[in-house]
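For reference, the structure discussed in these notes is given below.
Throughout, read-outs are computed from the coordinates displayed, never taken from laboratory work. For clarity, every value in this text was computed on a predicted model and none was experimentally measured. FYI the Cβ positions are ideal-geometry reconstructions off the backbone, even for glycines, and counts take in every protein chain you see.
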Amino acid sequence: MKNERGIAMLMALVVISLLSLVGISAMRSATLERQLVGNAMQARDVFQAAESANEAALNATETLTDTFNAPDQVLVLDANVRTEIGLRSQSTVRFVGEGNATGASLNAMQGANSFDALRFVAEGVARIDSVHASRRIDQGATRVVPAN
């Protein structure tokens with residue numbers, strides 16, 4: 001017994017220390033991955049909210065008609081998408097001009113066979129203020145109408 005100097009206990013302490021370091025490293029890695037997944041989900045949510053705001057604005061006939069009838073005005077549509085996380089979206093629609101409709105002949109005479117394209121731009125913005133996540137999407141649309 002006098003020859004043993006506690007080497008087994010020292011080795012056990014070293015192994016326990018190494019296992020503790022590995023455990024702490026794994027916990028930090030899991031925490032970082034959880035934060036990355038949360039950020040990715042928030043980025044997805046604000047992207048989809050901005051895109052949905054644009055789609056809702058551009059697919060509403062009355063929105064495009066109101067914007068065309070008052071070309072100097074900008075129409076803004078607000079929505080609280082997911083109130084439980086504070087996600088808000090907004091779409092701003094502008095009339096930017098008119099021109100030849102796609103597929104219409106450039107030399108077509110005014111009349112029943114002539115069409116114009118009314119051009120609109122929607123800017124969708126969505127944000128979650130509590131986590132400073134935001135996204136902006138610009139989208140263009142045309143509305144084909146009979147020429148005047």
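For Ala101, neighbours were defined as the other residues whose beta-carbon sits under 14 Å from its Cβ, and their charges (Lys and Arg +1, Asp and Glu -1) total 0.
Out of every Cα-Cα pair that the chain contains, those further apart than 18 angstrom amount to 70 percent.
Please get the size of the charge dipole for the chain, origin at its Cα centre, with Cβ charges of +1 on Lys and Arg and -1 on Asp and Glu, quoted in debye to the nearest 20.
980
I'd like to know which of Ala79, Ala43, Ala26 lies farthest towards the positive end of the charge dipole of the chain, counting +1 on Cβ of Lys and Arg and -1 on Cβ of Asp and Glu. Of the candidates, Ala26 comes out farthest on the positive side. Taking trypsin sites (Lys or Arg not before Pro) as exposed when DSSP calls them loop and at most 15 other C-beta atoms lie within 10 angstrom, the chain has its longest site-free stretch at 6-148. Only Cα pairs under 8 Å and 6+ residues apart enter the sum, and on that basis the relative contact order of the chain stands at 22 percent.
Neighbour counting of Cβ atoms within 10 Å sorts the residues Ile24, Ile85, Ile128, fewest neighbours leading, into Ile24, Ile85, Ile128.
Could you compute the longest span of the chain free of GluC sites (Glu not before Pro) located in DSSP loops and having at most 12 other Cβ atoms within 10 Å, not counting the site residues? Longest site-free region, per DSSP loop and neighbour criteria: 5-83. Taking amide hydrogens as placed 1.01 Å from N in the peptide plane, the amide H of Asn100 sits under 5 Å from those of Ala117, each at least 5 positions away in sequence or on another chain. Quick one: helix 7-58 against the long Cα principal axis of the chain, what's the angle to the nearest 10°, folded into 0 to 90? Roughly 10 degrees, rounded to the nearest 10.
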